[in-house]
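Novice: The structure follows.
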Amino acid sequence: MAKKINNCIKCGSDDIRVHDCGYSSFNCGSAKCRNCGNEKKVNYNEGIDDVIDSWNKYSPTVKVHIERLHKRIVGYKKNIKDTKEEITKYTRIFMEEEYK
Ligand SMILES: [Zn+2]
């Protein structure tokens with residue numbers, strides 16, 4: 001039985017065409033959404049299951065996608081906080097230099 005394939009991360013469709021070329025080495029293949037054309041090419045794959053794994057990594061479930069976006073937001077917030085602290089620090093140094 002084939003592995004479960006995730007829906008398309010761009011349009012949500014579950015109509016995903018998966019194929020591999022069937023070569024024993026340098027196998028080519030891809031997973032492509034039939035609704036919106038979103039495609040993940042998977043060269044040098046080990047067969048259909050490998051193509052599905054790559055697609056699922058590329059097109060995670062909505063829950064996993066939201067978790068990843070949330071992590072990115074947390075990262076951005078930290079960068080903003082660090083940048084603000086750095087600006088404050090260098091502004092202070094600048095002001096001290098100016099009014100010596
Ligand atoms: Zn799609």
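Every number here is computed from the coordinates shown, using simple stated rules; none is lab data. In this text, all values refer to a predicted model and were calculated from it rather than measured experimentally. Heads up, the Cβs are rebuilt from the backbone with ideal geometry, glycines too, and the neighbour counts pull from every protein chain shown.
Novice: Given the DSSP H assignment, sum -39500 (n - 2.57) over each helix run of at least 4 residues in the chain and divide by its residue total; what's the result at 222 nm in deg cm²/dmol, nearest 500?
Specialist: Working: 2 runs with 48 residues, N = 100.
Calculated at 222 nm, the ellipticity per residue is -17000 deg cm²/dmol.
Novice: Note down the relative contact order for the chain as a percent, whole number, built from C-alpha pairs under 8 angstrom at least six residues apart. Working shown, then result.
Specialist: Values: 115 pairs, mean separation 21.9, N = 100.
Here the relative contact order equals 22 percent.
Novice: Quick one: give the max-minus-min coordinate of the C-alpha atoms of the chain along each principal axis, largest first, in Å.
Specialist: 75, 30, 22
Novice: Continuing with the same structure: Per-residue HN-Hα couplings for the stretch 25-35, Karplus 6.51 cos²θ - 1.76 cosθ + 1.60 at θ = phi - 60°, whole Hz, x for Gly and Pro?
Specialist: 9, 6, 5, 10, x, 6, 10, 9, 6, 6, 7
Novice: Take the Cα coordinates of the stretch 60-100, assign each an equal point scatterer, and use the Debye formula without solvent to give log10 I(q)/I(0) at q = 0.21, 0.30 Å⁻¹.
Specialist: The calculated log intensity ratios at q = 0.21, 0.30 Å⁻¹ are -0.68, -0.89.
Novice: Hey, another quick one. How high is the FRET efficiency from E39 to K63, r the C-beta distance, R0 22 Å, rounded to 0.05? Before the final figure, lay out the partial values.
Specialist: Values: r = 23 Å, r/R0 = 1.04.
With R0 = 22 Å, the Cβ-Cβ based efficiency is 0.45.
Novice: Can you compute the modelled spin-label distance between S13 and H70, with each label point 7 Å from Cα toward Cβ, in nm?
Specialist: Roughly 3.0 nm, to one decimal.
Novice: Just going by the charge dipole of the chain, with Lys and Arg at +1 and Asp and Glu at -1 on Cβ, which of G29, I93, N45 is farthest out on the positive end?
Specialist: Sorting the options by dipole projection puts first I93.
Novice: Follow-up question, since we're still on this one. Sequence neighbours fewer than 8 away in the same chain don't count; with that in mind, list the lysines whose C-alpha is under 26 Å from K4.
Specialist: The qualifying lysines are K32, K40, K41, K57, K63, K71.
Novice: Next up: Give me, ordered by chain and number, the residues 5 or more places off S13 or on other chains with an amide H under 5 Å from its own placed amide H.
Specialist: Correct list: C8.
Novice: Would you mind calculating the gained length between C21 and K4 on full extension (0.36 nm times residue separation, minus the Cα-Cα distance), in nm to one decimal?
Specialist: Full extension of this stretch gives 4.1 nm more.
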